[in-house]
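First comes the structure, then the notes that go with it.
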Amino acid sequence: MSPTAKQQTASIEQLAAAKDVIISTGSGGVGKTTTAAAIAAQAAAQLGGKVLVLTVDPAKRLANALGLERFGNTETRVPEALFVDAGVKPRGELWAAMLDTKQSWDDLIAQHAPDDRTRDEILANPLYQNITGKFIQSHDYIAMERLFELHSSGRYDLIVVDTPPTRNAVDFLDAPARMADFFSSRLLRWLIAPYRSRVVGLASKPFYSVADRILGTQFLQDVAEFFILFQSMYSGFVERAQLVERLLGGPSTSFVVVSTLEAAPAREAEYFLKLLQDREMHVGALVLNKVLPDYLLDPGAANFARRCVNETAELCAVVEEILGETSGLERVLAEIGDSFSNYQIIAKREAEQRSELSRIPASVATVPFFPEDICDLAGLLGVAEKLWN
């Protein structure tokens, strides 16, 4: 993205108010799911309207934080009573859904099959369940389809998407185009050609003879018949892929990249920030999670920590005058001072890393380390308070 195109968004609150879709992405274990749920919960509470948080991460962690026993492809409303229990009267509604790959594929086939016969033959194909679960780009592609479907429905004012870890999120972005490419690939044409024409050329016979021996004739025939049927929907796939790409790169969508300031997640975040920038997609914010407090960078505090290590005798003498007791104090002071100094080193590294990562996004939000697990709506809203301001 050129400097003149750099976003002017000042906060995640403004992002939630201005955009239709916010996509939370980052490497595993950085709080990406919590961030997505927190943004959605706060938007529903403060901005009003209908807000949906959609997770495409296979880990089912979101239900616990939202107080739902289980949820799936069908959107489920988070009870307003949970907001009230958290001390908030929401202005809007919060809904949640988790991608069910199999159900989404079934719905897609029903929607795009050219006729009922093709639909029924695809759904009845012996390999259909296995293929929809393991097919290349299946999960990522259907996630894009589901997002597009939900956005097109107009039922929600804001959709917050929790994606798989970063490298998979790249697949998430590329899935529509890759799926279209696969259906027009030379490999697929070779695979289905003999079953489409029932005539195998002399040059192809060795390949199919080996494939038949390894995989079995019936297996190849089932696969070929499946893809022959699927190709009848090729134009629909291509058209939808183009529409999805427009949605992701359009003005109604923004990406929030989540990371901690540890080395590996920070590298992943930097990689994805640059990737989004190169693709001219809107990077609304960088969320830095589990950040150490600023007081660790205070020169005065650092100086006192050094005194605790190097001047323990003098400090103990002062304490003895006040309390009359210094048993074990010298060791305690040395441990405290040394611990503070070690944390300060980490905090300085974090500050430098934050400076490096802050060059691309328009907004940077920091969330401190929470000693307790975020396991309910009150906890999510507490995280959101840090994100919002």
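The values are calculated or read from the model by the stated rules, or taken from the named source; none is laboratory data. Here the structure is a predicted model, which is why all the values come from computation and not from measurement. As a convention, Cβ positions derive from the backbone with ideal geometry for all residues, glycine included, and neighbour counts pool all protein chains shown.
List of remarks:
- Across the stretch 300-318, the number of residues qualifying as touching a Phe, Trp or Tyr at 6+ places or on another chain (Cβ under 7 Å) and either surrounded by fewer than 18 Cβ atoms within 10 Å (Cβ to Cβ) or in the same structural domain as ASP20 (by TED's automatic domain parsing) (or both) comes to 1.
- Residue count for the stretch 284-299 satisfying the condition of being surrounded by fewer than 23 Cβ atoms within 10 Å (Cβ to Cβ) and either touching a Phe, Trp or Tyr at 6+ places or on another chain (Cβ under 9 Å) or among the acidic types (Asp, Glu) (or both): 7.
- Residue within the stretch 151-172 that is within 14 Å of LEU247 (Cα to Cα) and at pLDDT below 80 present: yes
- Only a single item in (1) out of contact with any His (no Cβ under 9 Å at 6 or more places or on another chain); (2) at pLDDT below 90; (3) not aliphatic (A, V, I, L, M) is not met by THR9, and it is number (1).
- Of residues in the stretch 79-136 being aromatic (Phe, Trp, Tyr) and at pLDDT below 80, the one nearest to the chain's Cα centre (by Cα): PHE135
- Taken over the stretch 243-267, the residue count meeting the criterion of being assigned to a helix (DSSP H, G or I) and either among the aliphatic types (A, V, I, L, M) or touching a residue at least 24 places away in the same chain (Cβ under 8 Å) (or both) is 10.
- Out of LEU275, LEU286, one residue alone is in the same structural domain as PHE255 (by TED's automatic domain parsing), closer than 30 Å to ALA17 by Cα, out of contact with any strand residue (DSSP E or B) (no Cβ under 6 Å at 6 or more places or on another chain) and in contact (Cβ under 8 Å) with a residue 24 or more places away in the chain. It is LEU275.
- Cross-chain or 6+ apart pairs with Cβ under 6 Å, the stretch 10-34 first and of a type in the set (Asp, Glu), then part of a helix (DSSP H, G or I): GLU13/TRP388
- Residue that is farthest from PRO114 (Cα to Cα), among those in the stretch 231-251 that are surrounded by 14 or more Cβ atoms within 10 Å (Cβ to Cβ) and among the polar types (S, T, N, Q): GLN231
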